[in-house]
Structure formats: C-alpha cells, structure tokens
Amino acid sequence: MTIELKLPELGENITSGKVIAVLVNVGETIEVDQSVIEVETDKALIEVPSSVEGTITEIHLKPGDDAEVGGTILVIEESAAAMESTLGEENFEDISSDTDDPADTEKPQPMLIDEPPPSPIAKDEDTATPESEPAGYSLEPAEAPPETPAPETAETPAPKSRKTPAPAAPSVRRIAREAGIEISEVPGSGIGGRISAQDVRQFVAAQGGAAVPDAPAPALMSVPVQLPDLARWGEVKREPMSGIRRATSVNLTRAWTNIPHVTQCEKADISELDDLRRKFSPKAEAAGGKLTVTAILIKVIASALKVFPQFNASVDAEAEEIIYKNYVHVGVAVDTENGLLVPVIRDADKKNIIELSVELGEVAERARSRRLAPDDMQGGSITITNLGGFGGTYFTPIVNWPEVAILGVSRARMEPAWMKDEERFVPRLMLPLMVSYDHRVIDGADGVKFLRWVADALEEPMLMSLEG
Ligand code: CAO
C-alpha cells in the first residue's frame, strides 16, 4: 500500500518549520520510528520519525524548505511483511474495534532534539474528538490516479484501524530487546506515551530484572550549518578565504568550542602613568621604539604571570593535567591588512619596557610586511589584544589556545572619578581592561585578583618592582 507520511503538529501555534536535514533517500527501506527529517521551529529542533515500515518512493521536501504542518514529507510503499505483521497482530480485531473512536488511535510523535515545544500533541484521550484531535501523523493512502477506481484501502480506515507500534526510538527498542522484555508492555512517560530508555530501565527494575546499563552519554547535537541561498535576497559576491583568515577561523573555532570562557572587566586609572609615558617617550624613541600603552602592558602582564602562575599554563585535557610554564612569552595581537596575527615576544619578564617597546615595533612591522615565521607566533604564555587605538569601550576577547588567558584593552578616556578625600569628582584617564580565561583552570576569584593586580600595577608602577 502507498502511504503519505505527513508532518505532525510541532507545537502550539506552530504551523510550519524549516527543514534542516532530510535523513533518508528515495529507494531506502525504513523502519518504524526511524527519523526521516529534522525540522527547526522557533522553539526547538525536532526529529520526525516514520510511523510505518516500507520503501521510500518520493521525498517532497529538501533542506531549507518551509514544511507545513499536515503537508506531505514523503511517500512510502509499505512492505508486504510489515502489512502482514501488522494484520497478523493477534489482538488486531480488538484493537480495530477499539479504534472506532479515533481519539484512541495512538500516533507516533516527533522526537525533540533540543528543547520540548509546548505540547498540543499531548492530548486528553478521554475528551478528544475527531475535530479537536491534533493532526499528528496521518497515514493517508496516496491519492489514486484519476483513471483507476479508488483503491480499497482509500475507503477503509485500514491504516488508522491497525495497532500502531509502541512509540519508542530504535535505540530504546534495542535496550528493551537486550533486556528480554516486550517494548509494548513498557508504560511510556513521554509525550503521547513515548517510551524512553529510562522508562525501560524502570520497568525492568520493577520486574526484578538485572539493571540495564546506562547508555553512553549522547554526543552533543551539532546543528548542521547549512547556508540558505543568500542570492535570493539580493546581489552577493563570493571570494575564497585567505590563508590567514582560514587559520584564524580554525584557531578561534577550536578555542571557542573547547574552552569554557569567562570574561571579567576592570578599569585602571592611568593618569599618572600617562604622564610618565610622555616624559620617557624620547628615551624609547632614541632606542628605536615607541613608548605605548601596549609596550607597558607587556611588562605589567609578564610581572603578573609570576604572581599568578595559573595564568601561565595550558590544559592537557587528555592526560587530565595542567602544564605550568617556567617561561614568560607574551603574544601581542597585531592588526594587519591581511588579518590578525599574534607574534610572541620571548622572555618578556627579562626585558625592560624600552627593550619591549623596540621589540613590539619590530614584530608589529614584521607582521604587517608578512615576514613572521610560524614559530614567531607559537609558544606564548598569554596574549594581549589592544583595540584602544581604534576606540571601543569593552569587548570579550577569545583565549588564544593553548594558552589559558588573554588580556583585552580598550580606549583610555578621561572620566570623572570620585576622590573620597577631596569629596569631589576629578577628571582621570581611565583604561578599560578585560581578561578572558579558561574557567577549567582559573576560578572567578583568581580572575578578579589578577585583573585588579594588573590595574594596580598600572596605577602604582612600584608594585611591579615589589611583587612582579
Ligand atoms: N587607549 C588610548 N589610546 C591608545 C590605546 C588605548 N588603549 N592603545 C593605543 N592607543 C593610541 C596610541 O597611544 C597611539 O596614539 P598616538 O599615535 O597619538 O601616539 C595610537 O593609539 C596607535 O597606537 P599603536 O598602534 O601605534 O601602538 P600600540 O603599541 O599601542 O599598539 C599594536 C600596537 C600592534 C597592538 C596595534 O597597532 C594593533 O595592531 N592593535 C590591534 C590589535 C587587534 O587587532 N586586536 C584584535 C584582536 S581580536 O580580533
């Protein structure tokens, strides 16, 4: 028999969903409860399972389509074996007569991948009427060609009158099979009586059976990234990613997906430091450098790493170890025409600020003229990214893996600061600082202490000599 599989209701007031993936192909033989498409609504990503077994002859949807509730997903030629086995149910007669009331017809429900939608599908079976019954799965025979007489099955409520199988995913059926129990005996606690692995475990335990081992933790579901056709909304231009853009993309994706980030913010009063910077600028210039906020920060951060060694570390997740580094190499993010590069200044703790200002100018120039070797950009302890030259107030930098922390800097601005002793506001030059860190190895309290230490060192440069 030819059967149209239709999109069931997806939630309250939801009339359609976006098809994210089609999980089956024409010609494929599918079984009951096998997922056929993934549909995304505003609220959830939903896997829609088949309610019949058979061979797919047509698929009416493709990724990116808007699927209407009640619309045809695909057409299935139900297998003879499936029909036989369904018709051969020993309680077929009973079930058939029970289902004269359509409200009693069990219908498989869509499986939720992420978040449960508000569930109109869960209905009150006692009060449901054919009119109020949600569309759910409809197993309507496909329309017969006009020249042929209407097929018998179209006139009979055959598909509806059959006993539908217990609603459970194939993995849950397998758990039940392995535990030696009949899945249809297990009461389902899910929407529409859907049976979960937990239901099977509880049922087995209640029967005094051996404990069913837990399934391995499910892999995190990643939503397929499928670009819509952007040209539908206007002219577009495609160009290949440069090597730097690609490397940046890989590195940032790795860091963002592997490191549990926290970002904390602070402000440092650098009014006095700025006076000193201006005063000593000629000395740096004489040496061939430029005494900038970044050059000073490299020194401050190098000192801070001695006080807070957990910020000069890497995580070996596989070995479950933290690696502490006895060297202090500071990476500095440099904005170049070709993209972001992060050269590393070695042994920053052993160099004075003028030496650091000279070296910063050199590495920045080499980055901009593309003369950095790969090794010049590896082996850092921590990274500084100063966007203050361009403006901005705050931002949340991404840790430069395999490091565990990055210091972000925004534009210093004159702000009114409350002077407690004088009981008045006075203009001060305030520098916004942010530190993002790997929360696996750095606790929030350490993050605050670290950033406050950096701010104090900028406000009281003597601190570096005393503690750093
Ligand atoms: N607040 C206020 N002014 C700042 C500042 C800050 N935080 N940082 C820099 N400035 C000023 C400098 O004093 C300088 O002013 P003058 O020209 O009047 O002297 C001007 O901005 C330019 O500074 P600079 O870039 O020459 O010097 P630097 O040593 O501070 O910075 C470098 C060097 C390489 C860090 C910087 O040029 C750069 O590329 N920054 C961008 C980093 C970046 O893109 N990060 C993003 C990574 S995440 O996408």
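The values are calculated or read from the model by the stated rules, or taken from the named source; none is laboratory data. Note that this is a predicted model, so its numbers are computed, not measured. So basically every Cβ, Gly included, is an ideal-geometry build from the backbone, and we count neighbours across all protein chains shown.
What the table below lists for this structure:
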{"item": "Residue match in region 365-376 (condition: touching a Gly at 6+ places or on another chain (Cβ under 9 Å) and not hydrophobic (A, V, I, L, M, F, W, C))", "result": "no"}
{"item": "Selected residue (criterion: nearest to the ligand (Cβ to nearest atom)) from residues of region 334-357 that are surrounded by fewer than 20 Cβ atoms within 10 Å (Cβ to Cβ) and not charged (D, E, K, R)", "result": "Leu340"}
{"item": "Scan of region 359-386 for residues that are surrounded by fewer than 17 Cβ atoms within 10 Å (Cβ to Cβ) and of a type in the set (A, V, I, L, M), ordered by number", "result": "Ala373"}
{"item": "In region 257-275, residue nearest to Pro397 (Cα to Cα) [restricted to those that are of a type outside the set (S, T, N, Q) and exposed (fewer than 15 other Cβ atoms within 10 Å of the Cβ)]", "result": "Pro260"}
{"item": "The one condition in (1) surrounded by 13 or more Cβ atoms within 10 Å (Cβ to Cβ); (2) within 14 Å of the ligand (Cβ to nearest atom); (3) at pLDDT 95 or above that Val404 fails to fulfil", "result": "(2)"}
{"item": "Strands (runs of 3 or more DSSP E) wholly inside region 312-424 that include at least 1 residues being out of contact with any strand residue (DSSP E or B) (no Cβ under 7 Å at 6 or more places or on another chain)", "result": "321-324, 334-336, 339-341"}
{"item": "Residue in region 261-280 that is farther than 30 Å from Phe425 by Cα and modelled with pLDDT of 85 or more present", "result": "yes"}
{"item": "Only one of Ala313, Ala304, Ala319, Ala286 that is under 36 Å from the mean Cα position of the chain (by Cα), surrounded by fewer than 16 Cβ atoms within 10 Å (Cβ to Cβ) and more than 12 Å from the ligand (Cβ to nearest atom)", "result": "Ala319"}
{"item": "Any pair with Cβ under 6 angstrom, 6 or more apart, that starts in region 170-191 at a residue that is closer than 10 Å to Val204 by Cα and ends at one that is acidic (Asp, Glu)", "result": "Val186/Asp199"}
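Okay, residues lined up against (1) in contact (Cβ under 8 Å) with a residue 12 or more places away in the chain; (2) on the phi < 0 side of the Ramachandran plot; (3) within 13 Å of the ligand (Cβ to nearest atom):
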{"residue": "Ser381", "(1), (2), (3)": "yes, yes, no"}
{"residue": "Asn386", "(1), (2), (3)": "yes, yes, yes"}
{"residue": "Phe390", "(1), (2), (3)": "yes, yes, yes"}
{"residue": "Ala412", "(1), (2), (3)": "yes, yes, yes"}
{"residue": "Glu415", "(1), (2), (3)": "yes, yes, yes"}
{"residue": "Met419", "(1), (2), (3)": "no, yes, no"}
